[in-house]
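Working notes for the structure below.
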Amino acid sequence: MTGSQLERFPKELLKRFIYTIILLLIVRISIFIPLPGVDSLSLYKNLEDNTVFNFVNNIIAGGAQTLGIGTFGITPYFNATLTVQAVVKLIPEWERLQKEEGELGRRILIQRTRYITCIWAFLQSVLLVYWIRPYVFMWNSSFVLDTVLALTTGSIFVMWIAELISEYGIGTGSSFLIMVNIVTGFTKSITNSLQTTSWDNFKVKILVSALLFIVMILISIFISEGKRKIKILSSRQLGSNSIVNSRSYLPLKLNAATIIPLVISSLLISFPPSIAARLSNPVLRELLSIFIPGQPLYLIVYFGLVVSLNAFYIGLLVNSADISENLSKLGVVIPGIRPGGQTTAYVQVILNRLGFISATLLCLVGLVPYLIDSIFKVPVFRGLSVTSLLIFVGVATEIAKQVRTYLLSQSYNVSIQKE
């Protein structure tokens, strides 16, 4: 950025960028402050081929490898958010807070999310401490207590940093932290791959791989930003002979379930290979080995998990009956569809179709890294999952929109002052 561009750049926005970068550096440093008394090198060496460990380690960008006080990062808060979203649909009081109480209800749910984050952080800390017991130099109650407190405190600290980024920085803090972890992990994957890749026809392989990677990004943007616009008609328009306003529509997101089905599916599908590595029975090992990434049954099971979990989670997040009821309260109808049960059924059919299309596209994008690796022998993109790519695209798009909105509001304020 040149000097003239920097002068035209809003100072408030520049402060937000600098503030965000400083907070991100603090979080990154917390990940690499090691826990005392743990042989991290032996731990990572023995678990390097563990698929579950690699999946978790990829999400927290090497935090599981170093076992620092910030190992869990934003994952306890992420788990707490998922828990609250599920509980809201199960407990009427929580659902009332979300729908009827407005800003007060939102604040109460945010506070409860923080409490649940503490519970998740504590439970994850206890599980991790007992999981790493073979790699602890001196195991005793003092080590357990100190480590659990350190990991829990680190998770709460990261949650606080995420909220500071949301309030004073750029973008949503929790999403931003996950995106930074993904970028960090992907750069490590590129470095390791370039060191081990054969250099025969390397330029052609990289060019084709880069083109496929661009296709992945474009499809991910389409999945993240795609909408199905249903034309709606108000009671005022029904009573007149005016032309229907083409801008009046009900937007339904193509990927309403976001990345949650992908995360759960990826975690579930990673368990069979991990279990197979621990079994001594050759028959069971052979049976579970068919779930290794790249095998035909793996693709079928993964696709089935994504589609079913996508449909389940869309049912939790988007209720077609609520949409129909809200349209009736507003005096709005869908042309050619009767209010009530027919509108509910119509919206549900569209949601089911959108869910199947988004799940299919997600699985298609997920296959590209394996195709690049198997056909071109370029494992650069192997560590980049479709989950990571969607998070990256979603957060980058959100940040771009926020910056654009801020710049437009600043230019509008300047024009008003000149007048």
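All of the numbers you see were taken from the coordinates with simple rules; none came from a lab. Here the structure is a predicted model, which is why all the values come from computation and not from measurement. With ideal geometry, Cβ positions are generated from the backbone for all residues, glycine too; neighbour counts draw on all protein chains shown.
Peptides 302-313, 167-178 ranked from most to least packed give 167-178, 302-313, packing being the mean of other C-beta atoms within 10 angstrom over each peptide's residues.
For an R0 of 22 angstrom, estimate the FRET efficiency from the Cβ-Cβ distance between residue 228 and residue 308 and round to the nearest 0.05.
The value I calculate is 0.55.
For the pair residue 221 and residue 407, the difference between a 0.36 nm per residue extended length and the Cα-Cα distance amounts to 64.7 nm.
With respect to the cross-link table entries 11/227; 89/227; 89/329; 15/229; 99/329; 11/99, which display a Cα-Cα separation exceeding 26 Å? Could the numbers behind the result be given before it?
Details: 11/227 35 Å; 89/227 24 Å; 89/329 21 Å; 15/229 38 Å; 99/329 14 Å; 11/99 37 Å.
From 11/227; 89/227; 89/329; 15/229; 99/329; 11/99, over 26 Å: 11/227; 15/229; 11/99.
Suppose R0 equals 25 Å. What FRET efficiency, 1/(1 + (r/R0)^6) with r the Cβ-Cβ distance, do residue 400 and residue 206 give to the nearest 0.05? Computed FRET efficiency for residue 400 and residue 206 comes out at 0.40. Taking label points 7 Å from Cα along the Cα-to-Cβ direction, residue 42 and residue 83 give a separation of 3.3 nm.
How high is the relative contact order of region 60-159, in percent, counting Cα pairs under 8 Å that sit 6 or more residues apart? Here the relative contact order equals 40 percent.
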